[in-house]
Amino acid sequence: MCTLEMPTATQDFAGTLLHTYNQAALTLMISVGHQAGLFDQMGTMPPATSVEIAAATGLQERYVREWLGAMVTGEIIDYTPETGQYHLPASRAAFLMRSSGSDNLAVFAQYIPVLATVENDILNCFKNGGGVPYAKYSRFHEVMAEDSGQSVLSSLIDQILPLAPGLTASLEKGIEVMDVGCGSGRALNLLAKTFPKSRFTGYDLCLEPLEVARAEAHKAGLTNVTFQQRDLTHFAPDQPFDLITAFDAIHDQARPDQVLAMIYQSLKQDGTFLMQDIDGSSHLHNNLHHPLGTFLYTVSCMHCMTVSLAQDGMALGTMWGTEKAEQLLKEAGFKHMSVKRLPHDAQNCYYIVKKEITYPKVYGI
Ligand SMILES: C[S@@+](CC[C@H](N)C(=O)[O-])C[C@H]1O[C@@H](n2cnc3c(N)ncnc32)[C@H](O)[C@@H]1O
């Protein structure tokens, strides 16, 4: 490539592309480092050689050294050539270690390799239509459980539930709760543990995450939670619920409209529907400066949209947006909804939805 003769704008764009590829490669290596426990170990170590890091992690030195090369050139890990030592500074370790809880951004890097496992299937869909089913993805449910472990679990009791006035008190007294698209059931198991007088039922299409959910409930000795395999596209539960939750589980349904109608029918008149879903606009032009725009449209094309199409669904996609969400909630019959945001969760917003408009009680009238 003869960059000298290129106009500046072209050179800039070529540079931008190369930078993008470097960052994409780095994302893959962050995923590897997270899974291999390298960040967790290095975050607790003083400067060390690749031999010492390999010994501390029980990993193969040759692989560790090459991974360190990517981390050093990617400016995540510092390197001192004179001593051959590598160091992960605390200020960066704080966003890469499991012990950092909801600040651990390394978890999200895993989505890129997960999505890449179906690249050929997606290409086939570009040509021939159709979709890619959940079963084709390697590690999707596992990574999703880690993701919601951070965005939901860390704040469920202290921040998310209080978004709906009176909800915590009702859960303490004892109510019936359904979780739609519960996945590996981490949210429901935490609720069941925290509110022993309430009863919880989680439904999901896929058996694999349900088995994880049941095992966790069994291990914790929980008797007030059950997990059942159901396709929620055509489903009518045989009992009403006081609270229905959906954590990141409406937009990628086959028929979000039918699921929302089922939720409306299944909710008691004064019940609450708590829906966490992706924060964005239904209109591309409003998402031009979305901090995760490219990431979320990619996740949509490579997962959320296509798993819906695999079920002959509506394919709303990850970026269905708040406008479409509110439209579908209204069409399902809901009359009152408020949309809230939490500082720790830049990716999602929280819809507190009621069947009827509720007014605060005015005492003495
Ligand atoms: C993005 S995941 C969210 C899982 C979980 N709520 C969490 O936060 O970890 C969406 C879930 O919806 C489930 N799902 C998708 N289509 C479904 C359907 N037709 N019926 C029931 N569950 C479905 C998937 O199996 C998946 O576990």
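Charged neighbours of D147, selected by a Cβ distance under 13 Å, balance to -2 (K, R count +1; D, E count -1).
With each label modelled as a point 7 angstrom along the Cα→C-beta vector, the K136-A55 pair spans 4.7 nm.
Across region 83-95, rounded Karplus estimates of 3J(HN,Hα) from the backbone phi angles (6.51 cos²θ - 1.76 cosθ + 1.60, θ = phi - 60°) give 9, x, 9, 10, 8, 9, x, 4, 5, 8, 4, 4, 10 Hz, Gly and Pro being marked x.
Note that region 259-268 has calculated 3J(HN,Hα) couplings of 5, 5, 5, 4, 5, 4, 5, 8, 8, 4 Hz, one per residue in order, obtained from phi through the Karplus relation 6.51 cos²θ - 1.76 cosθ + 1.60 (θ = phi - 60°); glycine and proline are x. Of the solvent-accessible surface of region 1-84, computed with a 1.4 Å probe and all protein chains present, 60% belongs to carbon and sulfur.
Here, region 116-354 yields an orientationally averaged convex hull projection of 12.3 nm² when only Cα atoms define the hull.
Take the Cα of E172, step 7 Å toward its Cβ, do the same at D270, and the gap between the two points is 1.8 nm. The apolar share of the surface of region 116-354, taken as the fraction of accessible area on carbon and sulfur atoms (1.4 Å probe, ligands and nucleic acids excluded), comes to 52 percent.
Remark on region 253-327: hydrodynamic radius 13.4 angstrom, per the Kirkwood mean of 1/r across alpha carbon pairs. Surface exposure of the chain, expressed per residue as accessible area with a 1.4 Å probe, stands at 50 Å². Lys-Lys pairs in region 116-354 that are eight or more residues apart or on separate chains and whose Cα atoms lie under 21 Å of each other come to 18. Each Lys and Arg contributes +1 and each Asp and Glu -1, all at the Cβ; summed about the Cα centre of the chain, the dipole is approximately 960 debye. Label-to-label distance for Q229 and T194 is 3.0 nm, based on points extended 7 Å past Cα in the beta-carbon direction. Sequence-ordered 3J(HN,Hα) estimates for region 167-184 from the Karplus curve with 6.51, -1.76 and 1.60 and θ = phi - 60° stand at 5, 4, 4, 5, 5, 5, 5, x, 9, 9, 10, 10, 10, 8, x, 6, x, 7 Hz, glycine and proline given as x.
Near Q85, the amide H atoms lying under 5 Å from its own belong to T80; only residues 5 or more places off or on other chains count, and H is placed 1.01 Å from N. In a fully extended conformation the segment linking H285 and A90 would gain 66.4 nm over its present Cα-Cα distance, using 0.36 nm per residue. For region 271-365, state which GluC sites (Glu not before Pro) are in a DSSP loop and have at most 15 other beta carbons lying within 10 Å of their beta carbon. Passing sites in region 271-365 are E356.
For the chain, adding -39500 (n - 2.57) for each run of n ≥ 4 DSSP H residues and dividing by the number of residues yields -12500 deg cm²/dmol at 222 nm. Estimated at 0.36 nm per residue, the fully extended path between S102 and R65 surpasses their Cα-Cα distance by 10.5 nm. Counting only DSSP beta bridges whose two residues both lie in the chain, roughly 45 percent are antiparallel.
Averaged over residues, the count of other Cβ atoms within 10 Å places the peptides 253-266, 115-128 in the sequence 253-266, 115-128, highest first.
The values are calculated or read from the model by the stated rules, or taken from the named source; none is laboratory data. Worth saying up front: this structure is predicted, and the values here are computed from it rather than measured. Don't worry about glycine lacking a Cβ; one is built from the backbone with ideal geometry, like all the others, and counts go over all protein chains shown. The protein model used for the area step is the full one, side chains on, heavy atoms only, and it has no ligands, DNA or RNA in it. Shrake-Rupley method; radii C 1.70, N 1.55, O 1.52, S 1.80 Å.
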